[in-house]
Amino acid sequence: MIPYCDLRAQYKSIKLEIDQAVSRTLESAEFVLGSEVEAFEQEFAKYVGAKHAIAMNSGTSALHLALLAAGVGPGTEVITVPFTFVATTAAIVYTGATPVFVDVTADSLTMDPAQVEAAITPRTRAILPVHLYGQPADLDPLLVIARRHGLTLIEDACQAHGSEYKGRKVGPIGDSGCFSFYPGKNLGAYGEGGLAVTNDAEQARTMRMLRDWGQEQRYHHVLKGFNYRMEGLQGSILRVKLRHLERWTELRRTHAAAYHEVLRSSGLSLPIEKAYARHVYHVFAIRVAERASLQRLLKANGIQSGIHYPVPVHLQPAYADLGYLRGQFPESERAADEVLSLPMYPEMTRTQVDEVCGVLQEAYVF
Ligand SMILES: *Cc1c(COP(=O)(O)O)cnc(C)c1O
């Protein structure tokens, strides 16, 4: 069997370091925030080249607070994409603001900058592109638009740890950037976790207060805050795993190159790496018209696959009240019908990649 991703294999490969970090935290009894979380914040900030990092209990929380710190709230609008995990939209709705969708481009599956200006209204406060699958959105034109209209640019980097745009790590390229450490992400906690980065001291201070009940001093509540604190255990585990992230990312990129090498001449549509990008392949999604039968064939051969995501957010029943209709975002809708995520995780072997390709070759004449 070839799993879609193998978290147990990864734990086994770093068991000694993790077990030591966990027991150190248990001994210290710093269960919420604390010195391990602070050290992780500093190390992650350094890794992506940001001045400030604020660790939280999920990527969704990081998005929520980055939006609030940008002044997003009732009566405002945030421009984002419908082809993403639902959390991007949910975080906007949590603030009381209205999500306004623009479509993705066909090749990158990230926000199409050419569609953004037409979506701006006097109520627009922020632009929230998603670095989907680990491919960065085209940030330069989005930054130009944001500056021209006085908008905040927030990066949803929840799938893009270590991803680069024109040689710079994503996250702090916009005004703020949000990461998720959900176990299956490229950098995953052993539970929930998230973090926001920014170079703006004021936004950092606001997010730091909001994640811990709006207090700067204990029991003095300056803002209406939340319980969005990162756990000490997750901080200590993430510190260990961050030290391996670059190596894991290079392995993902090697597997992606192997998929390309073998499948290049097939009729399959393979994911591209934009010229401006260092893609980190959180997801390696091919596109096929007859997806259901191909997924069945893979399954019959013991190969797991995934669909990220089968329904774009504007067509989800939960967000029907936004009033969007089928046909409004054709690239997102087409992608939702065609994408199929192949097994992709650092611990995969070349033999496993070849085995997946072999099954695909069965279905496709070269
Ligand atoms: C995972 C993810 C989130 C949410 O992160 P959680 O830690 O699960 O809350 C947000 N946006 C995208 C694009 C994601 O993939």
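Applying the criterion of being of a type in the set (D, E, K, R), modelled with pLDDT of 95 or more and not in a loop (DSSP other than H, G, I, E, B) to the residues of the range 336-366, the residue that is least open to solvent (accessible area, probe 1.4 Å) is Glu338. Leu223 versus (1) within 16 Å of the ligand (Cβ to nearest atom); (2) part of a loop (DSSP other than H, G, I, E, B): which is the lone unmet condition? The failed condition is (1).
Number of residues in the range 302-328 that are open to solvent by 10 Å² or more (accessible area, probe 1.4 Å) and in a loop (DSSP other than H, G, I, E, B) equals 15.
In the range 143-161, of all residues being more than 15 Å from the ligand (Cβ to nearest atom) and not β-branched (Val, Ile, Thr), the one that is nearest to Leu65 (Cα to Cα) corresponds to Leu153.
If you go through the range 322-330 one residue at a time, do you hit one that is of a type in the set (Phe, Trp, Tyr), closer than 30 Å to Leu360 by Cα, touching a Cys at 6+ places or on another chain (Cβ under 6 Å) and modelled with pLDDT of 95 or more? No; the residues of the range 322-330 include none that is of a type in the set (Phe, Trp, Tyr), closer than 30 Å to Leu360 by Cα, touching a Cys at 6+ places or on another chain (Cβ under 6 Å) and modelled with pLDDT of 95 or more. Every test in (1) crowded, with 20+ Cβ neighbours inside 10 Å; (2) farther than 20 Å from Asp112 by Cβ is passed by Thr152 save one, and that test is (2). Comparison of Thr98, Thr88, Thr121 shows that the only residue that is assigned by TED's automatic domain parsing to the domain that holds Leu151 and within 23 Å of Gln135 (Cβ to Cβ) is Thr88.
The values are calculated or read from the model by the stated rules, or taken from the named source; none is laboratory data. Bear in mind the structure is a predicted one, so any value in this text is a computation, not a measurement. Don't worry about glycine lacking a Cβ; one is built from the backbone with ideal geometry, like all the others, and counts go over all protein chains shown. Only protein heavy atoms, including side chains, enter the accessible area calculation; ligands, DNA and RNA are left aside. Shrake-Rupley method; radii C 1.70, N 1.55, O 1.52, S 1.80 Å.
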